[in-house]
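Worksheet: one structure, shown below.
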Amino acid sequence: MSDVIHLDTDTTSYIFDVLPTGQVSSLYYGARLRHMEDYSPLRQKNDVGYGTMVNISQAHKTIGLDDQCLEYSGLGKGDYRESAIELVYADGSRTTDFRHVSSKRYRGRPDIETLPSALGGEGEVETTELLLRDEAKSLSLILYYCVYASHDVITRFAKLANESGESVRVRRLMSAQLDLFGGDYRFVTFDGAWAYERERHDKTLHPGVYVNDSKTGNSSHRHNPFVMLVGTDCGEWSGEAWAMNLVYSGSHAQICERTYQGKTRLLSGINPSGFEWLLMSGESFSTPEAVLSYSSRGLNAISRNMHRFVQDFIVRGEWRDRERPILVNNWEATDFDFDRRKLLALAKEAAALGIELFVLDDGWFGKRDDDTSSLGDWKANEKKLPGGIEGLVPKINALGMKFGLWVEPEMISEDSELYRAHPDWAVATPDRAPAYGRNQFVLDLCMPEVRAWLVETMTGVFSQGNLEYVKWDMNRHISDAYSKALPPERQGEFHHRYILGLYEVLAELVRRFPKILFESCASGGNRFDLGMLCYMPQIWTSDDTDAYARLTIQGGTSYGYPQSVMGAHVSASPNMQTLRASTIETRFNVAAFGLLGYELDLTMLSHFDKRAIREQIEFYKAHRRLLQFGRFLRVPVTMDEKKTTWAVVAEDGKTAIAGLFQGSAKVGLGQDLLKVPGLDTDVAYRVTGRKQYINVRAFGGLVNKILPIKIRGDGVLHSVLSSYYMFAMADEAYVANGDLVSAYGIKLIQQFSGTGYNDRVRILSDYGSRLYLFEARE
Ligand code: GLA
């Protein structure tokens, strides 16, 4: 049938056609298929109706929309599942009936008005547009499919145009609807809270509706917009997976419904909860862009598709492909309690260790000595910083480091000059005192004058001295949603207009400051999404810097996002958030699989830590491109699921780095297998354990077992020894073929497991870890 549209990427096909009743029916999204003369094997057969079926037309008595796989569903014509579109017309009716009119295909892709969208020129992307019409109401709906063949990604968005002569209230307009023929799937979501973001959860689907959403006004740490449907037998290396993400930073929803008849629907878009948009005649409304990918080769493959897409088509600007600098951030070192002398002492230590960028965090402006004041007063506190930022930057630059600054521009403190001058700029509902979050209010970005003030004020801040990096924070959920800039009938537009306002401000600032490296942040990873990544090439992953917790946080994040966008810092031990102790080497080994920074008081380091850090930084610099941009893999450790292996593999497969991370140490379990799939199977590799050190403090009195002299476990001598003695972890060197390492792994030298020690024994202990470098032998 001529209406069949068959889209191909390198390894996938997406096929749909038009039902005899006019709706667009989805036939297939899966492994790539050859084009067919006759697509009837893919068509659902409807030769008799069923019990309660509602049929849209008497000419087609056997077609009920409720049990069809459709591309975009409305309400009121017999599809009782969650719908993609919900409208209220001027006459109060709500039935929608969009039918196919025409389609066109062209190279390249359109932008989306007012929203950020993926990049891609004519050589990289092909677009198919479907035009649907609801004739009775003179509405057009255009469905866009942008095919990124070489990345195995298809993006989707929709545009509703009102030509009816009357206004229409849009209560739901989702970016994409994916209907799968079958029900045995797991719905995989990435959920969390402050300082515990994006933990993977798999929900086995039973008939019913599952919602993954945010109502906080930002994409939120509660439920990330990246989700997957996976086959019941899908693992990291095999099985079917369909992934969907959204280029959007506001309240979103991914609604998944499995029906009793064995169909599964996944919708993604702006959260319909609390949303209503008044669309006047002559206007159109576009959704954010959804990013879809399929793989039959498991979760690492789908992650790979998403990673490449984010790197090539979401992140943009000067810094997209550039190696990111190793930074020091003063937040966990000093909190608000610093002055210029303290900062310079920190900077001096950082420079001596090889750190490249000094980031001054919260507390540099107004009279901000805690989190109760000054947001909005973006002038340096001269008491803390005589000469201001302009006085400080040259001193940092003179140490050979770049300088970067923290700001939280979307916020206003009640105790601020800005609030005293413009109390009406804070988001609040009429006749109610607004709720507080971290003692602060949110600026109303729906107001044009607030946006204009923000752009000019930040332009002033970013023009101070030689500013090369900005951390753009946003530290509260939005409450009391209401804008004085909107009439009553448009208050349902508040959350979306806030995000549109934010995007307008960011677009302008990024245009004015193309050289600045921006890092997005929202109490850690409370706004970790593709929308922010269109403006800022990296995001602070989490306020939890504990290495062990980070295995879950960075590991969860890695399903949808590459390590090249994840800020990861080495912080103090015991850790500030969990009070857990971990070694300086493990803290580095985890952070090395991200954009490395140090966030601890470097002026208080022992000689041991300093030496270890210096070597870590040398290692990171030597392998930075691989660590930041290599292919990231999660390798399940089949011998012990409490252990984690991560790896990064170079594009040509000739080098790789793997990290083996242990949970709690167990007596008698001394054997580990190090497997890294994806190496070049035809070459042999030299494999070496990174030179790592063990602080003998960890041994307490046991240190006497390895020393020729006897010392007290908690004595002064022990303390001096632990600061100066670099006890090296056993050397490890192997030679192994790529096919062996990819398919099976290397049996590592024995781990200390309760009995003897010699220099052929690895000591890992609780939360221990080691990195291994793989280099192809010539
Ligand atoms: C947030 C950020 C932190 C730090 C503080 C400063 O919590 O996530 O990294 O910048 O704000 O107040």
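The values are calculated or read from the model by the stated rules, or taken from the named source; none is laboratory data. In this text, all values refer to a predicted model and were calculated from it rather than measured experimentally. So basically every Cβ, Gly included, is an ideal-geometry build from the backbone, and we count neighbours across all protein chains shown. SASA here: full protein model, heavy atoms, side chains in, ligands and nucleic acids out. Shrake-Rupley method; radii C 1.70, N 1.55, O 1.52, S 1.80 Å.
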field: Options 123, 183, 217; residue that is open to solvent by less than 20 Å² (accessible area, probe 1.4 Å), farther than 30 Å from residue 546 by Cα and in a loop (DSSP other than H, G, I, E, B)
entry: 183
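Yes/no matrix, rows are residues, columns are (1) at pLDDT below 95; (2) closer than 10 Å to residue 376 by Cα; (3) touching a strand residue (DSSP E or B) at 6+ places or on another chain (Cβ under 6 Å):
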position: 410; (1), (2), (3): no, yes, yes
position: 418; (1), (2), (3): no, yes, yes
position: 423; (1), (2), (3): no, no, no
position: 427; (1), (2), (3): no, no, yes
position: 439; (1), (2), (3): no, no, no
position: 448; (1), (2), (3): no, no, no
position: 452; (1), (2), (3): no, no, no
position: 455; (1), (2), (3): no, no, no
position: 469; (1), (2), (3): no, no, yes
query: When you scan region 220-251, how many residues do you find that are aliphatic (A, V, I, L, M) and outside any strand (DSSP E or B)?
result: 1
Residue pairs meeting the criteria (Cβ under 6 Å; at least 6 apart or on separate chains; first open to solvent by less than 30 Å² (accessible area, probe 1.4 Å), in region 600-620; second among the polar types (S, T, N, Q) and part of a helix (DSSP H, G or I)): 608/723
query: Given (1) part of a helix (DSSP H, G or I); (2) among the hydroxyl-bearing types (Ser, Thr, Tyr); (3) within 21 Å of the chain's Cα centre (by Cα), where does residue 150 come up short, assuming only one miss?
result: (3)
task: May I ask you to list pairs of residues, at least six apart or on different chains, whose Cβ atoms are under 7 Å apart, with the first in region 522-533 being farther than 15 Å from residue 406 by Cα and among the charged types (D, E, K, R) and the second being at pLDDT 95 or above and near the ligand (Cβ under 10 Å from one of its atoms)?
output: 527/474
message: Can you tell me which residue is farthest from the ligand (Cβ to nearest atom) among those in region 408-430 that are touching a helix residue (DSSP H, G or I) at 6+ places or on another chain (Cβ under 6 Å) and open to solvent by less than 10 Å² (accessible area, probe 1.4 Å)?
response: 412
task: Go through 240, 276 for me and flag whichever is within 30 Å of residue 480 (Cβ to Cβ) and among the acidic types (Asp, Glu).
output: 276
message: For residue 641, only one of the following conditions fails: (1) among the charged types (D, E, K, R); (2) modelled with pLDDT of 95 or more; (3) open to solvent by 40 Å² or more (accessible area, probe 1.4 Å). What is its number?
response: (2)
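Here is a yes/no grid of residues against (1) small (Gly, Ala, Ser); (2) open to solvent by 10 Å² or more (accessible area, probe 1.4 Å); (3) without any contact (Cβ under 8 Å) to a residue 60 or more places away in the chain; (4) away from the ligand (no atom under 16 Å from the Cβ):
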| position | (1), (2), (3), (4) |
| --- | --- |
| 502 | no, no, no, yes |
| 512 | no, yes, yes, yes |
| 516 | no, yes, yes, yes |
| 538 | no, no, no, no |
| 542 | yes, no, no, no |
| 557 | no, no, no, no |
| 560 | yes, no, no, yes |
message: Just to be sure I understand, how many residues within region 97-120 are assigned to a loop (DSSP other than H, G, I, E, B) and either more than 29 Å from residue 536 (Cβ to Cβ) or in contact with a strand residue (DSSP E or B) (Cβ under 8 Å, 6 or more places away or on another chain) (or both)?
response: 10
query: Hey, among the residues in region 370-399 that are within 12 Å of the ligand (Cβ to nearest atom) and open to solvent by 60 Å² or more (accessible area, probe 1.4 Å), which one's nearest to residue 453 (Cα to Cα)?
result: 372
message: So residue 25 passes all but one of these: (1) assigned to a loop (DSSP other than H, G, I, E, B); (2) crowded, with 20+ Cβ neighbours inside 10 Å. Which condition number does it fail?
response: (1)
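Every residue, every condition in (1) part of a helix (DSSP H, G or I); (2) over 30 Å from the mean Cα position of the chain (by Cα); (3) surrounded by fewer than 17 Cβ atoms within 10 Å (Cβ to Cβ), yes or no:
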site	(1), (2), (3)
41	yes, yes, yes
44	no, yes, yes
59	yes, yes, yes
72	no, no, no
90	no, yes, yes
95	no, yes, yes
Residue list for region 759-778, restricted to those being open to solvent by 80 Å² or more (accessible area, probe 1.4 Å) and farther than 18 Å from residue 547 by Cα: 759, 760, 777, 778
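For (1) assigned to a loop (DSSP other than H, G, I, E, B); (2) out of contact with any His (no Cβ under 6 Å at 6 or more places or on another chain), each residue gets a yes or a no:
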residue: 632; (1), (2): no, yes
residue: 646; (1), (2): no, yes
residue: 652; (1), (2): yes, yes
residue: 671; (1), (2): yes, yes
residue: 681; (1), (2): yes, yes
residue: 711; (1), (2): yes, no
residue: 721; (1), (2): no, yes
Every residue from region 103-120 that is open to solvent by 50 Å² or more (accessible area, probe 1.4 Å) and of a type outside the set (Phe, Trp, Tyr): 103, 104, 105, 107, 111, 113, 114, 119
task: Please find, within region 483-520, the residue that is farthest from the chain's Cα centre (by Cα) out of those that are farther than 22 Å from residue 423 by Cα and of a type in the set (Phe, Trp, Tyr).
output: 513
query: How many residues, within region 525-536, are within 16 Å of the ligand (Cβ to nearest atom) and not aromatic (Phe, Trp, Tyr)?
result: 6
Sole exception among (1) crowded, with 21+ Cβ neighbours inside 10 Å; (2) within 16 Å of the ligand (Cβ to nearest atom) for residue 324, by number: (2)
- prompt: Out of all the residues in region 338-358, is one or more open to solvent by less than 40 Å² (accessible area, probe 1.4 Å) and within 11 Å of the ligand (Cβ to nearest atom)?
  reply: no
- prompt: Among the residues of region 436-480 satisfying the criterion of being surrounded by 14 or more Cβ atoms within 10 Å (Cβ to Cβ) and among the small types (Gly, Ala, Ser), which is farthest from residue 405 (Cα to Cα)?
  reply: 479
- request: Of all residues in region 444-480, count the ones that are closer than 16 Å to residue 504 by Cβ and within 16 Å of the ligand (Cβ to nearest atom).
  value: 2
message: Anything in region 153-168 that is touching a helix residue (DSSP H, G or I) at 6+ places or on another chain (Cβ under 8 Å) and either assigned to a strand (DSSP E or B) or of a type in the set (Val, Ile, Thr) (or both)? List them, or say none.
response: 153, 168
